[in-house]
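In what follows, a structure is listed as structure tokens, so that the remarks can point back to it.
Read-outs: derived from the displayed coordinates by stated rules, not from any lab. Quick caveat, the model's predicted, so the values are computed rather than measured. Cβ atoms come from the backbone with ideal geometry, glycine included; neighbour counts cover every protein chain shown.
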Amino acid sequence: MARALYIHWPFCARKCPYCDFNSHVREGVDVAAWEAALIADMRAEAAVAGGEALTSIFFGGGTPSLMPPALVASLLAEAEALWGFAQGIEITLEANPSSVEAASFAGLAAAGVNRVSLGVQSLDDAELRFLGRLHGAEEALRALATAQEHFARVSFDMIYALPGHTPELWEARLARALGLGTGHLSLYQLTIEPGTRFASDVRRGRLVPLGDDAAAELFDVTQAMTGAAGLPAYETSNHARAGEESRHNLAYWRYQDYAGIGPGAHGRRGGVATVRHKKPENFLAAVAAQGDGIAEARALDAAEQAAEALLMGLRLTEGVDLAALSVRFGLPREGLVEEEALARLRGLGMMWAEGDRIGVLPAGRGVLDALLAEVVADALVEA
């Protein structure tokens, strides 16, 4: 049963060029109504996914750092009453590095949040404007300093492989980020998502993405610098000092059960994939009509679960245990991976194998999607 809880707050502070919740920008929110709905959804989920104390809670979604601290405290109190909290539970909240949101950090910490993930994205004003961010670099640095005052653990993200990025430029950007003293960094290459402003700009010739070879070189720079700084990659895009890895995200990557509540939230429990209604009004209507916000609860067969476990687990530096997956899903090893592909990729220095455990080496992480398409058994992909 679920030991991790994801709480999705659907409301955004403003529209942005890459967010799929742009329709959820609201001038005002009925906090009492949302507290009642989220608690009802949480109780319904706990009734079928309870039994173990929670090890992590993650507030994500639109702009959860604009949730009133009293609401966060109420939701945490309910979660503890329903599941119980494991000792040292990690409670993370996503935040934008704006002065408005930073003003709430003290209250959010008092409510029980002990880890924050800041969407810094860049420490260069021109890059932030390109990315459609309202905050500037100095404002982000002030918010980061405030977060470090109030939360035991702080992470922030950076986006690289932007148009015009060279190894020398990214080295300087990353060196500055590493010097800010956080124990966790999420470092993502720019991706062009369909339906975004960026995709439109590429189509019209206004934006020329960095080439694959140039992006791969920046990836190599990233691995070398974070490793030397004591924050090696534990997942393709996530780097941490030992013991500061995101426990909540590890639950996803290790394919453990997690409960997801709130509009648009996904969950996995007992081989069932749950999806909540995405539109806030539909979510509220569903909770009123059926007691929860579930739009779909679908049982996954063994092949689907094994495919998800491999696709998630091979993102981790620790890799996956094929023997454990074989027992868990009742599938033979040859039904999980393509042995010839694995042998070839090992020969190329892109993958490793130790007994029943396999994983991806740094040389393979830069082409992870293509590598996974080769090594995951065809039968699972087709499922």
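One table, with the values for the structure above:
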quantity: Surrounding net charge for Leu331, when Lys and Arg each add one and Asp and Glu each subtract one, Cβ distance under 12 Å; calculated: -1
quantity: Per-residue Cβ neighbour rank within 10 angstrom, fewest leading, Met1, Met351; calculated: Met1, Met351
quantity: Calculated Rg and Dmax of the range 302-382 using C-alpha coordinates, Å; calculated: 11.3, 31
quantity: Residue order, fewest to most beta carbons within 10 Å, for Leu336, Leu5, Leu174, Leu331; calculated: Leu331, Leu174, Leu336, Leu5
quantity: For the range 97-167: Kirkwood Rh in Å [reciprocal of mean 1/r, alpha carbons]; calculated: 12.8
quantity: Listed residue (Leu314, Gly293, Met350) projecting farthest to the positive dipole end of the chain, Cβ model; calculated: Gly293
quantity: Exposure proxy ranking, count of Cβ atoms within 10 Å, fewest first, for His184, His135; calculated: His184, His135
quantity: ³J(HN,Hα), Karplus 6.51/-1.76/1.60, whole Hz, each residue of the range 90-106, x for Gly, Pro; calculated: 8, 10, 9, 9, 7, 8, 8, x, 9, 5, 4, 6, 4, 5, 8, 4, 4
quantity: Percent of beta bridges antiparallel (DSSP, the range 4-253, rounded to nearest 5); calculated: 15
quantity: Size descriptor, Kirkwood hydrodynamic radius, that averages inverse alpha-carbon separations across the range 254-367, Å; calculated: 16.0
quantity: Separation between Cα centres of the range 251-270 and the range 27-84, rounded to whole Å; calculated: 14
quantity: P(r) weight above 41 Å for the chain, C-alpha pairs, percent; calculated: 12
